[in-house]
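Participant: My questions will all concern the structure given below.
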Amino acid sequence: MLKIAYQGVKGAYSHIACMNLFSNQEYVACDTFEIAMELVNNGSVDKAVIPVENSNAGRVSDVHFLLPKAGLHITGEYFMRIEHQLLAIKGAKLEDIVSAASHPQALAQCSNFLKSHNIKAVSRIDTAKSCEKILLEQDKSKAAIASKMAAQVYGLDILASNIENADNNTTRFLIMQKDESIPQDDGSKFITSIVFVTKHIPAALYKVLGGFATNGINISKLESYLLNGKFFSAQFYIEVEQHINSKALQYALSELKFFSEEYQILGCYKAHQYRK
């Protein structure tokens with residue numbers, strides 16, 4: 001039986017993603033993304049399932065900073081439709097609710113509903129964890145935003161269903177493990193994730209990106225992050241639609257190596273069917 005780590009508690013969306021990806025396995029709840037990754041690194045669990053971005057609320061804070069430091073390899077991706085419910089203790093009514101607690105991402109994804117009902121958003125570390133606190137306080141004016149599974153786990157009533165801003169609300173998760181596992185290039189669509197720091201010379205980033213362009217490689221994601229609190233030093237996270245062993249990507253990487261101070265391949269994995 002595999003042990004799969006996730007951030008949150010039972011009923012969290014990451015927990016649901018783990019069950020969808022790896023059914024009937026052991027799921028290990030963690031307080032933070034960093035702890036989940038560390039458990040994989042030290043061999044306590046086999047894999048971690050980590051959310052990285054949402055179609056409406058954008059990237060998940062801190063995760064991209066942790067990816068290069070974790071010492072893990074990305075072996076897959078998973079896109080999951082997110083349906084948020086407004087949950088409260090038994091007997092509460094929608095008109096009673098003054099505040100709703102959840103993870104900042106969930107609050108952002110439900111901002112329209114909260115605003116229209118004049119409900120104050122309260123940030124918590126996790127969606128399902130918010131349910132624990134609501135249950136403990138037994139206050140009919142307080143609600144949580146979480147999954148249908150969380151409502152069942154914590155015995156809460158659903159006061160409003162599918163309160164997310166958009167009906168295509170989707171979160172992308174990465175599957176991570178300690179050992180590198182590069183699938184054979186069978187002609188399928190692949191994603192390769194890379195982080196790099198360019199040299200401090202004019203047009204270095206332009207030259208790096210040009211290497212992908214001249215070799216006909218599509219860049220599906222490019223993001224930058226400040227390093228070590230310095231405003232002049234940036235790290236770039238990039239995802240390209242190409243198998244790592246293809247000649248085209250190897251040519252592009254040779255250009256990247258020349259204009260980079262350092263770089264790291266985080267993983268090569270099959271593109272999820274959602275991308276189609």
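Participant: Looking only at residues that are among the charged types (D, E, K, R) and loosely packed, with under 14 Cβ neighbours inside 10 Å in segment 163-184, which one is farthest from residue 4 (Cα to Cα)?
Facilitator: Filtering segment 163-184 for residues among the charged types (D, E, K, R) gives 164, 167, 172, 178-180.
Okay, now just the ones that are also loosely packed, with under 14 Cβ neighbours inside 10 Å, so 167, 179-180.
Numbers: 167: 29, 179: 15, 180: 17 Å.
By that ranking, first place goes to 167.
Participant: Considering only segment 190-197, I want to know if a residue exists there that is touching a residue at least 60 places away in the same chain (Cβ under 8 Å) and either open to solvent by 80 Å² or more (accessible area, probe 1.4 Å) or among the polar types (S, T, N, Q) (or both).
Facilitator: Checking segment 190-197: at least one residue is touching a residue at least 60 places away in the same chain (Cβ under 8 Å) and either open to solvent by 80 Å² or more (accessible area, probe 1.4 Å) or among the polar types (S, T, N, Q) (or both).
Participant: Would you pick out the residues in segment 4-20 that are more than 13 Å from residue 171 (Cα to Cα), of a type in the set (A, V, I, L, M, F, W, C) and open to solvent by 10 Å² or more (accessible area, probe 1.4 Å)?
Facilitator: Result: 9, 19.
Participant: Which one is most open to solvent (accessible area, probe 1.4 Å) among residues in segment 37-69 that are closer than 28 Å to residue 168 by Cα, among the aliphatic types (A, V, I, L, M) and in a helix (DSSP H, G or I)?
Facilitator: In the first step, residues of segment 37-69 are kept if they are closer than 28 Å to residue 168 by Cα; the result is 47-67.
Next, from what is left, pick out any that are among the aliphatic types (A, V, I, L, M): 48-50, 52, 57, 60, 63, 66-67.
Adding the requirement that they be in a helix (DSSP H, G or I) leaves 63, 66.
Values: 63: 0, 66: 32 Å².
Only one residue fits best here, namely 66.
Participant: Taking into account only those residues within segment 70-90 that are at pLDDT 95 or above and among the small types (Gly, Ala, Ser), which is surrounded by the fewest Cβ atoms within 10 Å (Cβ to Cβ)?
Facilitator: Per the stated criteria, the residue is 76.
Participant: So is residue 6 in contact (Cβ under 8 Å) with a residue 60 or more places away in the chain and out of contact with any Lys or Arg (no Cβ under 8 Å at 6 or more places or on another chain) or not? Give the derivation first.
Facilitator: Working: in contact (Cβ under 8 Å) with a residue 60 or more places away in the chain: no; out of contact with any Lys or Arg (no Cβ under 8 Å at 6 or more places or on another chain): yes.
Judged against the criteria, residue 6 is not a match.
Participant: Report yes if residue 133 is in contact (Cβ under 8 Å) with a residue 40 or more places away in the chain, more than 29 Å from residue 41 (Cβ to Cβ) and of a type in the set (Lys, Arg), otherwise no.
Facilitator: On the way: in contact (Cβ under 8 Å) with a residue 40 or more places away in the chain: no; more than 29 Å from residue 41 (Cβ to Cβ): yes; of a type in the set (Lys, Arg): yes.
So residue 133 does not fit the description; no.
The values are calculated or read from the model by the stated rules, or taken from the named source; none is laboratory data. What you are looking at is a predicted structure, and each value in this text was computed from that prediction instead of being measured. Note that we place each Cβ from the backbone using ideal geometry, even for glycine, and neighbour counts take in every protein chain shown. SASA here: full protein model, heavy atoms, side chains in, ligands and nucleic acids out. Shrake-Rupley method; radii C 1.70, N 1.55, O 1.52, S 1.80 Å.
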